[in-house]
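Please read the structure below before turning to the comments.
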């Protein structure tokens, strides 16, 4: 149905690559110092901690700051929160509190969908519960994701969590107020190939013919409504992993629903390679979050 997972997996070594779109040396007009807190526990699963890294502007302020949750890609099977270091640093220098999150990855038959979404929704609720501690405005939280992380970020801007493992977080929303979707899949029911179908059938716990509701539930295009958060969609015209038609379909659905959306087409591949593409990404991201989160 969508040639994403095998393509991403073929790029995914045991450790994160030296550069992803989020690891660019991000230009900033505010080269201000920041404070980082790595490996903060935001929850537990199967007896293991769920971790995130926090990036904060070092300068003190009496005002609460907007926050951004950063979600790494890797086909739901690889990479981790450290691949978002560059973008998180850039956002912190730009006055945001950035939270780069880990989530459970699929291993064989373990951690199948929708565990990944539940984890990042849990992270957003945890951030709201601890907003005062980190100087965050709980009503102004955005999400930034690349590839499979963009699919998760998109859903954060469209629906509430139904996960109730932590009663202490029950009163907090998992919805974000703005989404940056970079190279993300949007509709798993189209653009198929056999390798992708095999992976997604395993990931979703059933094939599309017999379990269409699961495939649709994981597809952001089926969750678009007039209540969806504003979107910035950035996608490469030469993306061989996730067709740009996926981004176009999502942008069209959002526009039809009356949701603010900006669709930026970049002359590059799935993982942006050129300095021009990377600079465009950070400039567009900063402008978008300034508009919708401040």
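The values are calculated or read from the model by the stated rules, or taken from the named source; none is laboratory data. This one's a predicted model, so the numbers in the text were calculated from it and none came from an experiment. Positions of Cβ are backbone-derived with ideal geometry, glycine not excepted, and every protein chain shown enters the neighbour counts.
A residue that is modelled with pLDDT of 50 or more and surrounded by 20 or more Cβ atoms within 10 Å (Cβ to Cβ) can be found somewhere in the stretch 1-23.
Every residue, every condition in (1) in a helix (DSSP H, G or I); (2) closer than 27 Å to residue 281 by Cβ; (3) modelled with pLDDT of 95 or more, yes or no:
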site	(1), (2), (3)
187	no, yes, yes
190	no, yes, no
202	yes, no, yes
214	yes, no, yes
251	yes, yes, yes
264	no, yes, yes
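Scanning the stretch 272-288 finds one or more residues that are in contact (Cβ under 8 Å) with a residue 12 or more places away in the chain, crowded, with 16+ Cβ neighbours inside 10 Å and closer than 19 Å to residue 155 by Cα.
The set of residues in the stretch 191-237 being without any contact (Cβ under 8 Å) to a residue 40 or more places away in the chain and in contact with a strand residue (DSSP E or B) (Cβ under 9 Å, 6 or more places away or on another chain) consists of 237 alone. Taking the numbered list (1) closer than 25 Å to residue 199 by Cβ; (2) in a helix (DSSP H, G or I) in turn, residue 269 passes all entries but (2). Where helices (runs of 4 or more DSSP H) fall wholly inside the stretch 95-181, the ranges with 1 or more residues that are at pLDDT 95 or above, surrounded by fewer than 20 Cβ atoms within 10 Å (Cβ to Cβ) and in contact with a helix residue (DSSP H, G or I) (Cβ under 6 Å, 6 or more places away or on another chain) are 115-129.
Between 202, 196, which is crowded, with 18+ Cβ neighbours inside 10 Å and at negative phi? Selected residue: 196, the only one of 202, 196 that is crowded, with 18+ Cβ neighbours inside 10 Å and at negative phi.
Residues that are assigned to a loop (DSSP other than H, G, I, E, B) and under 22 Å from residue 220 (Cβ atoms) within the stretch 272-289 comprise just one, 272. Contact map, the stretch 129-153: first residue on the phi > 0 side of the Ramachandran plot, second residue buried (at least 24 other Cβ atoms within 10 Å of the Cβ) and not in a loop (DSSP other than H, G, I, E, B), Cβ cut-off under 8 Å, separation 6 or more or different chains; pairs are 135/97; 147/8; 147/182.
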